[in-house]
Amino acid sequence: MGISRADITAIALFMRQDLLDRHRGNALGAAWLLIQPLSLIVLFSTVFSHLMKARLNSYAGPYAYTVYLIAGVLAWGLFANTVQRVAGIYSEKAGLIRKIPVNLGVMPLYVLGVELVVFCISFALYAAYLLVIGHGLNLAWLWLPLVVGLLCMVAYGVGLVLAMLDVFVPDVNNLLGIVIQYGFWMTPIVYVPDILPPWLRPVVWLNPVYWAMESIHGIVLDGRLPSYLPMTGLAVLGVGLLALAAWMHGRLEKQLRDLL
């Protein structure tokens, strides 16, 4: 499942087309890539900063909950969108796959690329917002690319495995939508783990997405470096999922193309 120069060119073209098609026909076009995250930041900062003031670790400013919430929502959006879009990629692009000899193992990378572009734009606006409210950045932010990269690796691995299963069992994508909804509320994004009952807090650590969320929250709120154990866990899980996807691709590629 190697990547050739032709594969890289195809991924770049798919990314460009996806970004262009996203807001094609809208009067403001690509400006929506800025408007949408800005509107989210404004909404959260004006509503939640006043209605849900919270003391989070060492940061107790009036925008504490907003800072916490936006970081989690953006990271979860990257994970969930990548998983859902990659999981449905073969069914969505079946017509294209029948016409041209695309590499099924690497073609979905364009989805991850697009979601990363959108995430980076949103997070850059978020960082600017933090500077405006006086929260400031810190050296721990240098670790963000690592945390986000590991989260993306896990998301892509999950999505790729589900994409191949979806060709054989079409109900996979419908079930995934339900799991994603439950996953959002089972991950401390709109609440802090401290409000959970003592018996439930250890269970949260069974959620790999929480490992990334906790690291991102620690970096943004407290300037705390990610812990070694969750980062290692994410790396091992991501590599394992990609290895599983590569094995499935090698065993099932002919059947996948026949069914598509």
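The values are calculated or read from the model by the stated rules, or taken from the named source; none is laboratory data. The structure displayed is predicted, hence computed values, not measured ones. Using ideal geometry, Cβ is built from the backbone for each residue, glycine included, and neighbour counts are taken over all protein chains shown.
A quick yes/no check of all residues on (1) part of a helix (DSSP H, G or I); (2) in contact with a His (Cβ under 8 Å, 6 or more places away or on another chain):
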position	(1), (2)
Pro101	no, no
Leu104	no, yes
Leu112	yes, no
Phe119	yes, no
Ser122	yes, no
Ala127	yes, no
Trp141	yes, no
Leu144	yes, no
Leu151	yes, no
Based on what the data block shows, is His249 over 17 Å from the mean Cα position of the chain (by Cα) and surrounded by 15 or more Cβ atoms within 10 Å (Cβ to Cβ)? yes
Counting only residues in the range 190-216 that are of a type in the set (Val, Ile, Thr) and under 22 Å from the mean Cα position of the chain (by Cα), the one surrounded by the fewest Cβ atoms within 10 Å (Cβ to Cβ) is identified as Val203
Gly157 being within 30 Å of Ala12 (Cβ to Cβ), surrounded by fewer than 17 Cβ atoms within 10 Å (Cβ to Cβ), small (Gly, Ala, Ser) and out of contact with any strand residue (DSSP E or B) (no Cβ under 8 Å at 6 or more places or on another chain): no
Quick check: is even one residue across the range 189-208 at pLDDT 90 or above, within 18 Å of Ala75 (Cβ to Cβ) and in contact with a Leu (Cβ under 6 Å, 6 or more places away or on another chain)? yes
Odd one out for Arg85, checked against (1) among the charged types (D, E, K, R); (2) at pLDDT below 80; (3) assigned to a helix (DSSP H, G or I): (2)
Taking the range 135-155 and keeping only residues that are small (Gly, Ala, Ser) and touching a Phe, Trp or Tyr at 6+ places or on another chain (Cβ under 9 Å), one is left with Ala155
Scanning the range 162-189 residue by residue, those more than 16 Å from the chain's Cα centre (by Cα), among the β-branched types (Val, Ile, Thr) and either more than 21 Å from Leu252 (Cβ to Cβ) or assigned to a helix (DSSP H, G or I) (or both) turn out to be Val167, Val172, Ile178
